[in-house]
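Sharing a structure here in structure tokens format.
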Amino acid sequence: MPPDCLSAESERRCRRLLAESTARLRARPAAAAVLVPLCLVRGVPALLYTLRSSRLAGRHKGDVSFPGGKCDPTDQDVVHTALRETREELGLMVPEDQVWGVLQPVHDQRKTTVVPVLANVGPLDLQSLRPSPEEVDEVFVLSLDHLLQTQNQGYTHFCQDGHFRYTLPVFLHGPHRVWGLTAVITQFTLQLLAPGTYQSYLVSPKLPSG
């Protein structure tokens, strides 16, 4: 990973590239939003992930995810949803001016729109976080260097009724496997941050249509 990926110059580039989509997506409602937290852990650029509580209801319990959740009617827009959910889940206060922009939305099998919000939360001590035990079992980071190494990248083919449906990326060899929509959002983030470095054999994911 280029050492300046979180520099002021990189931030300006990313904000510029995301400006159009950010303005468009902040102006329209969505079902859910997540925060993609860029951070520095002991000086190393990384992404922050959560392991959803196994006690939660629904099909995503126990999955690796970014902090986030359903949009509340009182939320001003998707950015405020992502920041509010991060505060509730992790006790992490992220000022709005640390948000770089909004990434391409993703859609789950139920066609629910999930909007990823990219922010640089700065130097982070994981011990300072206060995860909500009702929502989060674990918090961990993966360095951008780790995510960019091809031996830690893979893909999963999904089939239904014996027929190929779609392919999604997966990131391996960390504390937990990163897959599903979280892996797709991770891929979008790497493509933005390291366009000259992220030369993975992964193709743009073909998401399920229904």
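Rule-based calculations on the coordinates, nothing more; no lab input. Computed from a prediction, not measured in an experiment: that's the story for all the values here.
Can you show me the helix-derived [θ] at 222 nm for the chain, built from DSSP H runs with n ≥ 4 at -39,500 (n - 2.57) apiece and divided by the number of residues, rounded to the nearest 500.
-7500 deg cm²/dmol
Please list, in chain and number order, the residues 5+ apart from GLN153 or on another chain whose amide H is under 5 Å from its amide H, with Hs placed from the backbone.
Under 5 Å from the amide H of GLN153 lie the amide H atoms of LEU172, each far enough along the sequence or on another chain.
Please give the direction-averaged projected area of the C-alpha convex hull for segment 37-167, in square nanometres with one decimal.
9.7
Show the residues, 5+ positions off or on another chain, whose built amide H is closer than 5 Å to the amide H of VAL136.
When sequence neighbours closer than 5 places are left aside, the close amide H contacts are SER53.
Which percentage, to the nearest 5, of the DSSP beta bridges contained in segment 8-144 is antiparallel?
Here the antiparallel bridges make up roughly 70 percent for segment 8-144.
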